[in-house]
Structures are given as C-alpha cells and as structure tokens.
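Note sheet for the following structure.
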Amino acid sequence: MKIVDAALALGLSAYVHRDLAAIKGGAVPDGMLFRGTPVSPGFRDIVEPCRVVCVMLILEDGQVACGDCVDVILAGVGGRDPAFHGEDHLDLIAREVRPRLIGLDAAAFKENAVMLDRFSPGGAPLHTAIRYGISQALLSAAALAQKRTMAEVVAQAYGTQPLRTPLPLLASCDRDDTRQLDRMILKRVDLLPHASFTVMEQHIGRRGEKLLDYVAGVSARIAAIGAPDYRPRLHVDVYGTLGEAFPVRADLVGFLARLRDAAGPYGLFVESPAIAGSRSEQIETLRALRQDLASGGVDVAIIADEWCNGLEDVVAFAAAGAADVLQIKTPDLGGLTNTIEALLHCQANGIGACLGGTANETDISARACVHVGLACGATFMLTKPGLGADEGLMIVTNEMARALQLIRLRDHTLPYR
C-alpha cells in the first residue's frame, strides 16, 4: 500500500503557548494574559494561541491517515525548539517534506518515521513539532495498511508485547478549578492534579505556605468524597519555583518533607522542583536533591522535565539517576520513534517513565501516544489535550479501551490480515 499524496491544513491546538521566561521575569498578570515583552525564541506575545499543521496522508485505496504538528505550552525554554506557528511552516512542509512522503510503503512505519526524523533540509533538522506530527500520520498509515491497531504496529516494529491492561493516568487539571478536581476524584484517576505552579510568590508563597495548603486541601478532599478504597498518588508540577523559594538544598529537602506530610496517606510526585541553566547543571541539581531526599528518608518522587527533551537527554538523565521518573514529553522528542526508544530505554534501565506531553496537543496526537504507551509500557500517562481534565481523560481512556479490546479479540478470534 503506497502513500499517493499528502494534504496539509491549519488547525488549533487545545491550549496556548506561554513564555515561561517572561512570566518568571516579572510580566504583569492580566487575567489569562501577561503584559510585557516576550523573551523566549519564537514568541510574539507572552501568551498566544497556537496553530497546528494537520497532516493527511492519502493512501492508494483512498484511506486517509492523520497526524498533527504541534509543540508544548512552554516552548523555547530548557533547551526546547522555538514556539511553533503552523502558518510559518506550511510552505516548508509542502515543498520539502511532501515529496518525500509520496510513494512510501505505508506499512513500513519505523523505516519511514526514522527517515523523516533525520531529514535535514538545508542542513538543519525539521522543527520537533513537524517531526512529531509527520510520525503520527506515518503510524496511522501503517495501521491502516496492515489492518492492525497502531499499538500492534509499534509492538511488531520494536519486538514488544502490547499491554493487556490500561496504563495508569495522570489527570491534568487547572490549579484553581475545585469542581474539576472533584470530578477527577469521582472518576478515580490514578494520579492528580498535576496543576501548574509557575510563579513563586503567587502560587507557592515565599515559605511554600500556599503549596502546602493546596496539597493538604487536595488530600483532604480525596478523603472526604473519594471511595474508601481510592488511593491515588498526588502530583504537582512546580516549574522550578521551589528552587526559587528554597535556593539552599537543605532547606528544599526540609520543605519537601513537610509537603510529603501534607499529602497524607497518598504518594507524592514533584515535577521540576528546580530548573537550572543547562542540562548538565539540571542533572546534577536533581541528582543531588534525590540523594539528599533518600538520605533523609523523605518519600517524595522527583520527576525531571525541563532539559530532559530529546532522546539523548533521556539517556543522560537516566544514566545519572537524576530522577525517579523522567517526563517523556512527546512533542519535544520529535518523531514518535524517539518517544518509543526513550520509553524502552527507561524500562531497560529501571527508571520510571511518564508518557507525557502537553495540554497544547490535539486529539489526534493524544490518541497516537496512547498506542505507543500500550506497545511500550510506561509508569503512567498524562491525560491530554487541554486543561479541561474531563476531555483529555475521556479521549485517552476511550482510545485505550478501544485498542485493548481489539487486541484482546485478535488474540483469540481474529487472524492478522
């Protein structure tokens, strides 16, 4: 089955870009917006909508495979590519990428995706968002050509066995939406609330008092309205703000011990407690913090995100033991083959892996990631896209349920075709 054409369209992401450096640098809040000048690469405003490129691969039998080129909310920082604006890349994709897609064997996912991920027109690699979206479409094309689920395509290409049970899910909630939190508790998500704590004084407090109150409040609400046997793990993403509030590591360890107490009977994950200025500094910062937490008997799991972007970064963080869990932030890795390799590397080396991403993604990219997770495994998966929680949870849960049921049926009754 050949790919006979590729069509492109502009679409919307499920969230927005936010210039983290500008926000941390003192930009003035104005509702959802911030007043000031953007400073990170690719940004036109501190908060801006994101246009994605929808890629449609047309197969010779008329079937259409889809993928969406999209990047993360906090683009342009921590070693990431500049903020992606789809309208700026349409001509490049049409001129340079489309001709390379036409005529490919649609069934050959791994070979096609690796080739496109390494393609460097003019000597420069394609933006990670482009490689991400094209690889989704190639995976979809292979599934259509092989008449299998995308999970089975990945498993066959990489010699794995697809899971038979769902991945644990981390609900991505809005920090200030208490009703949304209640719904996630009632729906028994495995980890919550993620939230976003990006501004130290506003979200954390100079002594961490606001975060302590927040985590204690989440713990109390779970106990109040959750089922008696419901034992989720708590997860907060603090975007380096704890390092700003507690620049001395001993003080940070002491605060994390208090935060662990505030979580009560529920396990606690803290993502990006501090953000350094380079990958090597970030690795050493988190490695030393994790070591001190272990020495002090503080049962808090550290998740690495910033500076842990590409496959080489994942390998480096894993080798150093810099975190309990690595955020495999799918758009930052470019082609899905890199996400697959990252998950398999974490598994082989005994380190946790969050099959993550960003609220800025789309339903198409989220569904593709579900299949990668089922084929490769992960400690847990982020619900996406958007910060509505319900919608992302629904998209990921239902795609996983459909895929798992098809795989189970095929195990027993349906031959591969």
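Kindly provide the set of residues from segment 186-211 that are part of a helix (DSSP H, G or I) and in contact (Cβ under 8 Å) with a residue 24 or more places away in the chain, ordered by number.
186, 200, 202, 203, 204, 211
So residue 95 clears everything in (1) at pLDDT 95 or above; (2) part of a strand (DSSP E or B) except one condition, right? Which one?
Residue 95 satisfies all of (1) at pLDDT 95 or above; (2) part of a strand (DSSP E or B) except (2).
What is the one condition in (1) assigned to a loop (DSSP other than H, G, I, E, B); (2) surrounded by fewer than 24 Cβ atoms within 10 Å (Cβ to Cβ); (3) at pLDDT 95 or above; (4) within 16 Å of the chain's Cα centre (by Cα) that residue 384 does not satisfy?
With (1) assigned to a loop (DSSP other than H, G, I, E, B); (2) surrounded by fewer than 24 Cβ atoms within 10 Å (Cβ to Cβ); (3) at pLDDT 95 or above; (4) within 16 Å of the chain's Cα centre (by Cα) applied to residue 384, the lone miss is (2).
Can you find a residue in segment 136-144 that is surrounded by fewer than 24 Cβ atoms within 10 Å (Cβ to Cβ) and in contact with a Gly (Cβ under 9 Å, 6 or more places away or on another chain)?
No - not one qualifying residue is present in segment 136-144.
Quick check on residue 336: is it crowded, with 24+ Cβ neighbours inside 10 Å, modelled with pLDDT of 95 or more, among the hydrophobic types (A, V, I, L, M, F, W, C) and out of contact with any strand residue (DSSP E or B) (no Cβ under 8 Å at 6 or more places or on another chain)?
Considered against the rule, which asks whether it is crowded, with 24+ Cβ neighbours inside 10 Å, modelled with pLDDT of 95 or more, among the hydrophobic types (A, V, I, L, M, F, W, C) and out of contact with any strand residue (DSSP E or B) (no Cβ under 8 Å at 6 or more places or on another chain), residue 336 comes out as yes.
Looking at 77, 114, 39, which one is touching a residue at least 60 places away in the same chain (Cβ under 8 Å) and not in a helix (DSSP H, G or I)?
Every option except 77 fails the conditions.
Kindly provide the set of residues from segment 264-283 that are in a loop (DSSP other than H, G, I, E, B), crowded, with 22+ Cβ neighbours inside 10 Å and not hydroxyl-bearing (Ser, Thr, Tyr), ordered by number.
Within segment 264-283, 273, 274, 275 meet the criteria.
Of the residues 183, 131, 179, only one is among the basic types (Lys, Arg), in a helix (DSSP H, G or I), in contact (Cβ under 8 Å) with a residue 60 or more places away in the chain and not assigned by TED's automatic domain parsing to the domain that holds residue 66; which?
None of the other options fit; the residue is 183.
Among the candidates 313, 229, 261, 292, which residue alone is among the acidic types (Asp, Glu), in contact (Cβ under 8 Å) with a residue 12 or more places away in the chain and farther than 26 Å from residue 21 by Cβ?
Just a single option satisfies the conditions, and that option is 292.
Could you figure out which of (1) part of a loop (DSSP other than H, G, I, E, B); (2) touching a helix residue (DSSP H, G or I) at 6+ places or on another chain (Cβ under 8 Å) isn't true of residue 3?
(1)
Considering segment 24-51 alone, what residues qualify as being under 15 Å from residue 83 (Cα atoms) and surrounded by 15 or more Cβ atoms within 10 Å (Cβ to Cβ)?
Residues satisfying the conditions are 38, 39, 40, 42, 43, 45, 46, 47, 48, 50, 51.
The values are calculated or read from the model by the stated rules, or taken from the named source; none is laboratory data. All values reported here derive from a predicted model rather than from experimental measurement. Ideal geometry is used to build each Cβ from the backbone, glycine not excepted, and the neighbour counts take in all protein chains shown.
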